[in-house]
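A short write-up of the structure that comes next.
Since every read-out is calculated from the coordinates, none of them should be taken as a lab result. In this text the structure is predicted, and so the values were computed from the model without any measurement. Don't worry about glycine lacking a Cβ; one is built from the backbone with ideal geometry, like all the others, and counts go over all protein chains shown.
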Amino acid sequence: MADYENLTDDALIRRLRGGDTRVMDYLMDKYKYLVRRKANTLFLLGGDTEDLIQEGMIGLFKAIRDYEEDAGSFYRFAELCVNRQIYSAIEAAARKKHGPLNSYISLSGGEDETEGTFLEDAAAANNQNPEQILIDRESVEDVLTRLREHLSPMEQIVLGYHLDGMNYHRIAEQMGKSEKSIDNALQRIRKKTQALLAKRN
């Protein structure tokens, strides 16, 4: 598949339409980072990040299958399809009244945390139900953008690694710091995020 690297996405999809089925695997692998990044920034009711990633990969598959060159850039089309698939899964989970409430966001605390989740805490602080925060689609990206303005250089690096899907054990190894210092940084990021959400409301 080395020769694929020199082709544009449009050219790749033309080859796929022409019968080169290996292109599908190549594009799925090429853009899986897009799916992972989106999944790691979003809340989820009734599931976890891996569920979101699976939904996002379905969205990516649909993008490759349905893309037409007159739709604009493939990247933007894929991003739209991934977002749509993930948000549909989130909303479906939110509508399940009898399912377990497993609220999640990539900015929650450490893996062993047993207290209320970020989403539940934020909902209580802002007098909103989790679904209202969850379905505020623009809120997540906006808060992340504003959040970075309030983070220290170390916190920005930790946030970046965390959004890339690393847990605090791996982040600690990557940065050469203790797990406790990374956990503390994530807690500070969490508190700053809560403060920003409170200001928005």
task: Determine the gain in length on full extension of the stretch ARG84-THR49; use 0.36 nm per residue of separation and subtract their C-alpha separation, reporting nm with one decimal.
output: 11.0 nm
- prompt: Between ARG14 and MET175, 0.36 nm times their residue separation minus their Cα-Cα distance comes to what?
  reply: 53.7 nm
FRET efficiency estimate (nearest 0.05) - Cβ-Cβ, LEU7 to ARG37, R0 22 angstrom: 0.40
task: Just grab the label-to-label distance for TYR75 and HIS150, each label 7 Å out from Cα along the Cβ direction, in nm (one decimal).
output: 3.0
query: Taking the highest mean first, how do the peptides 168-176, 185-193 order by number of other beta carbon atoms within 10 angstrom per residue?
result: 185-193, 168-176
query: Of the cross-linked pairs LYS30/LYS191; LYS32/LYS191; LYS38/LYS192, which ones have a Cα-Cα span greater than 24 Å in the structure shown?
result: LYS30/LYS191; LYS32/LYS191
